Amino acid sequence: MDYKKIAQLLYPDVTETPEDIFKRYPRRQLKEGQVVTRFAPSPTGLMHIGNFFQAFISYNLAKNSNGILFLRIEDTDEKRKVKEAKAVIYDVLERFGIKFDEYQTLDGKDIGDYGPYVQSQREGIYKVFAKKLVEEGCAFPCFCKKTEGKEDVLKLRETKFYEDDEKEYDPCRDLSYEEVKKHIDNGESFAIRLKTKNTGKERIKFYDLIKGELEAKANAKDFVLVKSDGIPPYAFAHAIDDTLMGTTVAVRGEEYISSTPAHLELFEALGFTPIKYCHNPLICKMDENGNRRKISKRYDPEANMMYYFEKGYPVDSVLEYLLNMINSGFEIWRKNNPDKPWQEFKFGINDITAVAPLFDMVKLNDISKNVIARQSGEELFANWLFWAKEYDAPFAEILEKNKAKFTKVCAMDRDGATKPRKDIYNYSMMKDNFDYIFSRPTSYELDSADTDKANEFLSEYLKTFAMPSSNVEWFEGVKALAEKLGYAIDNKLYKQNPDAYKGNTAKACEFIRVAITGHKNSPSLFTIMQILGEDEVKARLSHKF
Ligand code: GLU
């Protein structure tokens, strides 16, 4: 067969050889154990948590091995909407602090020696390798219309070229030079397909860094390497790019396991050493029937990474939660190291879970409460304001105008507290949580059976009320009045004989708390009173339930 002549007919303008290209992409000089890895998102318009999960794993593998992390935009399928969609990816990565050693800036400047880091700018490179494969008889042009997609497969299935279901040989795989020339002279476009060496009977073994050795049916399909518009789908572009860019470990979703045999055949045809794959499990959710399903952007708002910003989760909460999913050892580490930054938790490839993690909002909130509890009042205020500026601008103005007051609000039961309150897990809940600071309560969490007692206690309390100057003074004042009005100040006595009292001191405090905040639970009442000021406190205490 005149493979060389066919290749020349298809790619008359391609003059470079793979060797020329390799000269532009020299092998990276790495130290023992250094990982070169990448995040290779397709710009779809949103960042899915599953993709971000891969980015975060890759980020840690590179960081923990003093290796290299690069960003490659895989936009061969998404050409039209690339610009905005790319911005979404960059925005999310930046907000989460995922920094790359090599990437292309949004305005198109390559940082690093292995670019361009955007696939649509690498078409010239792909052609060189496509030409080489055709020259060697490992790939061939296919002129069937609609060479991709289901219709095509159906059409091909009807032809006698299929000997059995095990393999999918393409009708064009053995076209002669003359036949190819005829198509080309007709001005027909062509796809390039791999000419598989397999017959459909072979099996192959391959190694996955998370799952260990896997065995599967070898590829026996003449799958498409370059589409008729000249653009390579994932497999071909990935094999070339990861090889040229010197990737040592590719972290990608488990959904790629089934096509790994095809990828490995392609690496072999190209004469490349296969890279190491790390197929990470997909994040799941439990459905109503108790079955696991993949977390999906259609049904689960939390599948979109922007969700966490909109809700105001601290970046560290989300990252710590993901670490927890990657390796359950993180939870124990965190318990033993409550104050250390998560960056000090180190893990390697062998520590990545092989089991699909289950997304659990309660767990995320729990982690987040702890993350927020570690912030000082000032930090919390700054983070709250930062969030509000983007998602609740009118409220951000109020916060800014009352900075001193709200910093105090944020510091309540926090600065200097041995056990800081853990009731806040995102910044969007703070407005509701501290609603009583902004305005008088409109509803009161008081048990209806307590109405008369509360009214009596509060009107007595108000008669002698003066702003307390310390927590102790405040509490002593409440206790004295409670005792006078028939409340037990010794809880033990109260428990032994509750009917002998109107309630205990805690009950009396509850009346004051509900009158001032509307809630049965709140941070230190003394501090709240200081923030509200005497007139406001008195006005609230005079409320009649
Ligand atoms: N663009 C592919 C994706 O987003 C990348 C897969 C890979 O990391 O190799 O699924």
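The values are calculated or read from the model by the stated rules, or taken from the named source; none is laboratory data. As the structure is a computational prediction, the values presented were derived from the model and not from experiment. Don't worry about glycine lacking a Cβ; one is built from the backbone with ideal geometry, like all the others, and counts go over all protein chains shown.
Being over 15 Å from the mean Cα position of the chain (by Cα) and modelled with pLDDT under 95 is the filter here, so list the residues in segment 33-42 that pass it.
Gly33
The residue pairs whose first member lies in segment 23-46 and is more than 19 Å from His238 (Cβ to Cβ) and of a type in the set (Gly, Ala, Ser), whose second member is more than 16 Å from the ligand (Cβ to nearest atom) and assigned to a loop (DSSP other than H, G, I, E, B), and whose beta carbons are closer than 7 Å, counting only pairs six or more residues apart or on different chains, are Gly33/Ser65. So Ile231 fits all but one of (1) within 16 Å of the ligand (Cβ to nearest atom); (2) of a type in the set (A, V, I, L, M); (3) within 23 Å of the chain's Cα centre (by Cα); what number is the exception? Ile231 satisfies every listed condition except (3).
Filtered by the rule that a residue be over 54 Å from the mean Cα position of the chain (by Cα) and buried (at least 16 other Cβ atoms within 10 Å of the Cβ), segment 493-512 gives a lone residue, Tyr501. For segment 275-282, indicate whether the set of residues that are part of a helix (DSSP H, G or I) and more than 18 Å from Val92 (Cβ to Cβ) is non-empty. The answer is no, given that none of the residues of segment 275-282 is part of a helix (DSSP H, G or I) and more than 18 Å from Val92 (Cβ to Cβ).
Just to be sure before I move on: is Tyr444 assigned to a loop (DSSP other than H, G, I, E, B) and surrounded by 15 or more Cβ atoms within 10 Å (Cβ to Cβ) in the structure I sent? Taking the combined requirement at face value, the residue satisfies it.
If the condition is being charged (D, E, K, R), within 11 Å of the ligand (Cβ to nearest atom) and in a loop (DSSP other than H, G, I, E, B), then segment 28-83 contributes Arg72, Glu74, Asp75, Asp77, Glu78.
Among the residues making up segment 78-94, those that are surrounded by 15 or more Cβ atoms within 10 Å (Cβ to Cβ) and either out of contact with any Gly (no Cβ under 7 Å at 6 or more places or on another chain) or charged (D, E, K, R) (or both) are Glu78, Val82, Lys86, Ile89, Tyr90, Asp91, Val92, Leu93. The criterion of being under 31 Å from the mean Cα position of the chain (by Cα) and within 13 Å of the ligand (Cβ to nearest atom) holds for Leu282. Number of residues in segment 236-253 that are in contact with a strand residue (DSSP E or B) (Cβ under 7 Å, 6 or more places away or on another chain), part of a helix (DSSP H, G or I) and either β-branched (Val, Ile, Thr) or more than 9 Å from the ligand (Cβ to nearest atom) (or both) equals 1.
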